[in-house]
Amino acid sequence: MRFLFSFFIIFVLFSCKNNVADTVITDQHQQSERQITTNEPITKNIEADEAKKMLESNPDIMVLDVRTPEETNQGILQKAIIIDIYDPGFNSKIDQLDKEKTYIVYCAAGGRSATACQMMTEKGFKKLYNLSGGYRAWNK
């Protein structure tokens with residue numbers, strides 16, 4: 001009887017331990033599965049220094065200037081695509097861009113570019129960085 005009781009206790013402890021381990025492994029698998037299958041968009045505000053480093057280290061990053069023509073006449077960032085956020089055709093022009101690429105979006109001070117990033121996220125763009133302080137911060 002004592003042997004059966006001891007065997008029962010060991011059996012229960014062993015099976016509980018395995019169930020906990022299985023649960024942890026399953027939870028980890030489900031979590032990693034979610035990370036692989038969900039393509040959550042990345043939208044982040046970045047400072048000018050970080051944007052400069054990103055552009056230096058990755059030449060494939062796209063730069064999008066959403067300022068008005070009067071503002072862009074004062075200068076633009078190198079390799080910038082210019083699409084005025086106030087242009088009635090802004091949405092259709094944005095639709096022509098590659099949604100899988102990484103974009104640094106800027107305006108004069110960072111407000112309109114944040115709005116543009118939000119609009120682009122809604123259109124399915126995956127990696128967007130809003131230049132905090134905009135063109136002014138870049139030139140300081």
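The values are calculated or read from the model by the stated rules, or taken from the named source; none is laboratory data. All values derive from a computational prediction rather than experimental measurement. Note that each Cβ is placed from the backbone with ideal geometry, even for glycine, and that neighbours are counted across all protein chains shown.
Structure values in brief
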| item | result |
| --- | --- |
| Condition met for Leu77 (in contact with an Asp or Glu (Cβ under 9 Å, 6 or more places away or on another chain) and under 20 Å from Tyr129 (Cβ atoms)) | yes |
| Test for Cys107: is it more than 19 Å from Ile42 (Cβ to Cβ), surrounded by 15 or more Cβ atoms within 10 Å (Cβ to Cβ) and in the same structural domain as Glu56 (by TED's automatic domain parsing) | yes |
| Members of region 105-134 found to be among the aromatic types (Phe, Trp, Tyr) and within 20 Å of Gly89 (Cβ to Cβ), listed by number | Tyr106, Phe125 |
| Candidate set from region 75-99 (those that are modelled with pLDDT of 95 or more and among the charged types (D, E, K, R)); member that is surrounded by the fewest Cβ atoms within 10 Å (Cβ to Cβ) | Asp98 |
| Count of residues meeting criterion [over 18 Å from Ile61 (Cα atoms) and in contact with a Cys (Cβ under 6 Å, 6 or more places away or on another chain)] in region 90-140 | 0 |
